[in-house]
Amino acid sequence: MKKIILVLAVIFTVSFVFTSCKSDKKEEKKEQITSDKKQNVEKVKYQCPMKCEKEKTYDKEGKCPVCEMKLREKVAENHEGHNH
């Protein structure tokens, strides 16, 4: 009877340790994903599809003040790591 209790206690302890370690890794991944999304959101700009004002961009959605077309998303280009 003591052996069964000891085996069950070891199994419970081992499963508890593995379960708690997995949740820590998931939290780290979630934090990394949310920080990546924040960086992408900060880079989103809006621009007129007709380029009435050349390369002028806006921070929010809306209409072009010149032609009143709906502004489209333009993701800012990331030049990190590029050698020109």
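The values are calculated or read from the model by the stated rules, or taken from the named source; none is laboratory data. Values in this document were obtained by computation on a predicted structure and should not be read as measured data. All Cβ positions, even for glycine, are placed from backbone atoms using ideal geometry, and neighbour counts span all protein chains on display. SASA here: full protein model, heavy atoms, side chains in, ligands and nucleic acids out. Shrake-Rupley method; radii C 1.70, N 1.55, O 1.52, S 1.80 Å.
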Query raised in the report: Sequence-distant or interchain residues sharing an amide H contact under 5 Å with Leu71, placed H: which?
Result: Gly62, Lys63, Cys64
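When ranked by the protection proxy of mean other Cβ atoms within 10 Å per residue, highest first, what sequence do the peptides 43-49, 61-67, 7-13 form?
43-49, 61-67, 7-13
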Query raised in the report: What accessible area, in Å² to the nearest ten, does a 1.4 Å probe give for Met50?
Result: 120
**Report entry** Label-point separation, Met50 to Lys74 (7 Å along Cα→Cβ), nm
**Finding:** 1.6
Query raised in the report: What is the spin-label model distance, in nm, from Thr19 to Asp59 if the labels are put 7 Å beyond Cα along the C-beta direction?
Result: 4.6
